Amino acid sequence: MNTPLIRVFLTTCLLLPSLFFVSGQEKIIKLDSLATPQDTNKVEILGADRLTLLKTDDTTTIQILAGHVRLRQGKALFNCDSCVLNNGANIFEAWQQIQIKDGDSIQVNARHLRYLIDKKIAYLDGGVSLNDRKAVLTTPSLEYNLQTDIGIYTQGGRVVNKKTILTSKEGYYYASLKEIYFKNNVQLTDPAYRISTDSLLYNTATQTNRFIAKTTIIDSSGRRIETQDGFYKGGKAAFNQRPVIIDGATTITGDKIAFDDSTGTSQAIGNVVVVDTAQGTTLVTGQLYREDKNERMLATGKPLLIIKQDADSLYLTADTIFTALQPVIENKKEDRVTRKDTSRIKQTTGITLVKKDTSVRYIEAFHHVKIFSDSLQAVCGSLYYTDIDSAFRLFSDPVLWSKESQITGDTIWLFTKNKKADRLTVFENSMIISEGGPGIYNQVGSIRMEGKFTAGALDSVRAFGNAATIYFLQDEDSSYTGINESKSDLIDIYFFQQALDRIVLRGTVSGTVWPIQQKNPAEMRLPLFQWNDSRRPKSRLDLLK
């Protein structure tokens, strides 16, 4: 046995504690002097209570450290209770109270660590937590790459960021980006919303959620969002690939939808469909701008509004459609209205008094307005509708058709009841024309007209104020025998099965009955005569032309 060699080894072991167990600053200086600071791939020993050296062969020495172990590799610091360091195999393993500080912002804790020195990959397990000063990730096991700052867990993880909690089966943490990619059964809970999805990218600094898979979001108001692409952050969102938003009785679908709850505004673009089950309406449009306040909606890009009825839905289209709720509060005079007075007001004006502090829906349509239903059609330059009296007000060259009859005037008010035409009023330059055959038109003109509908079909019209008519007379065989050209104070027009049945002149009457042979039917026209059949929408498809 080589006695001197043994004596040198024992002397070295006795001297080693003196190198490690001096006071704090001296200890760090002495240990740092043993390492090469420029070599960031090497692990430096900064301190420990005990160190044991084991030489397994000529090239491999194992260092066993215990008690307040502190190591460093580049900018990363390692703390633990005990550690086995094998520089030859480029690996060390540590146990109990493990702490990794990666730069100034990342801290990882666990009970067990296996670390690949050259690859800078840490495999941690046992109560693992990762803190980036914004959020805390906890998981049973974690693979963390100190070179790329990427952490991976596959056995379930939980992230807490202020009041937001996220869980998933798998996760990929990108420390430099402050982002976590959650995968497989992702659940997010927050006081303001809940998210369920299969894949979610979450930024811990901005608390922004990005979606790349089918996702359901339910916020504190009960609004439900279904999407598979986009982002959501604290009430601000933008979604692609035809998301669906269900907000109470309203469902909105579009190619793209964005909203900002802080301003109460939203926008939908591309094949937008808005279904309101409470109002019984469907809006189809190219673009939609919406404000939560008073439920304002502005639709552009060939909007089409469908008002559902029992068997004859009404279709409305225009260049632009605007709809909103309007608060209505009765004034003091209305508060004192008696039941008898209320009945009288309703009969004379068609206006039903509403309860206090309620809201009514109104609709405005502008430019190239068209209305279609099986029983009537209409066109005009602009339109206004309100639930107060359930009336469509048609302005700017309005025309209304009911079967063979055409009604024109400066302004037309069409009142509805239970979403069906109930009565109408035509103001100034009023005229009704009914086509009896090729070139034959029965006509009545006056200052004002009032009409009534039965079951949504035109039943009768009264014309008053300079009323005049040109009416073609027929015998029992329906052959034309003459032309009645007359004026009267009042003229009543009656319809049967929506076809002109008879015209009755009341009061003072003046005029002439011409034999059919004496007049050319094509020349028998009232001054304001204009047949607008080319403007009439004859089908639902005509509304989109």
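The values are calculated or read from the model by the stated rules, or taken from the named source; none is laboratory data. On a predicted model such as this, the values are computed, not experimentally measured, just so you know. No Cβ is skipped: glycine too gets one built from the backbone with ideal geometry, and neighbour counts run over all protein chains shown.
Computed values, structure above
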{"item": "Failed condition for Asn185, given (1) outside the structural domain of Lys42 (by TED's automatic domain parsing); (2) within 21 Å of Cys80 (Cα to Cα)", "result": "(2)"}
{"item": "Every residue from region 307-325 that is closer than 16 Å to Phe366 by Cα and without any contact (Cβ under 8 Å) to a residue 60 or more places away in the chain", "result": "Asp319, Thr320, Ile321, Phe322, Thr323, Ala324"}
{"item": "Residues within region 282-309 that are in a loop (DSSP other than H, G, I, E, B) and in contact with a Pro (Cβ under 8 Å, 6 or more places away or on another chain), tallied", "result": "0"}
{"item": "Tally of residues being surrounded by 15 or more Cβ atoms within 10 Å (Cβ to Cβ), within 41 Å of the chain's Cα centre (by Cα), part of a strand (DSSP E or B) and among the basic types (Lys, Arg) across region 416-454", "result": "2"}
{"item": "Unique residue being touching a strand residue (DSSP E or B) at 6+ places or on another chain (Cβ under 7 Å), over 29 Å from Lys419 (Cβ atoms), β-branched (Val, Ile, Thr) and in a strand (DSSP E or B) when the list is Ile269, Ile246, Ile252", "result": "Ile269"}
{"item": "For Leu305: the one exception among (1) more than 23 Å from the chain's Cα centre (by Cα); (2) closer than 30 Å to Arg536 by Cβ; (3) at pLDDT 75 or above", "result": "(1)"}
{"item": "Subset of region 110-135 that is surrounded by fewer than 17 Cβ atoms within 10 Å (Cβ to Cβ) and more than 22 Å from Asp81 (Cβ to Cβ) - its residue that is nearest to the chain's Cα centre (by Cα)", "result": "Lys134"}
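Matching residues to (1) touching a Leu at 6+ places or on another chain (Cβ under 8 Å); (2) surrounded by fewer than 18 Cβ atoms within 10 Å (Cβ to Cβ); (3) outside the structural domain of Tyr202 (by TED's automatic domain parsing):
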{"site": "Ile225", "(1), (2), (3)": "no, no, no"}
{"site": "Gly230", "(1), (2), (3)": "no, no, no"}
{"site": "Gly248", "(1), (2), (3)": "no, yes, yes"}
{"site": "Ile252", "(1), (2), (3)": "yes, no, yes"}
{"site": "Asp255", "(1), (2), (3)": "no, yes, yes"}
{"site": "Phe259", "(1), (2), (3)": "no, no, yes"}
{"site": "Thr263", "(1), (2), (3)": "no, yes, yes"}
{"site": "Gln267", "(1), (2), (3)": "yes, yes, yes"}
{"site": "Thr277", "(1), (2), (3)": "no, yes, yes"}
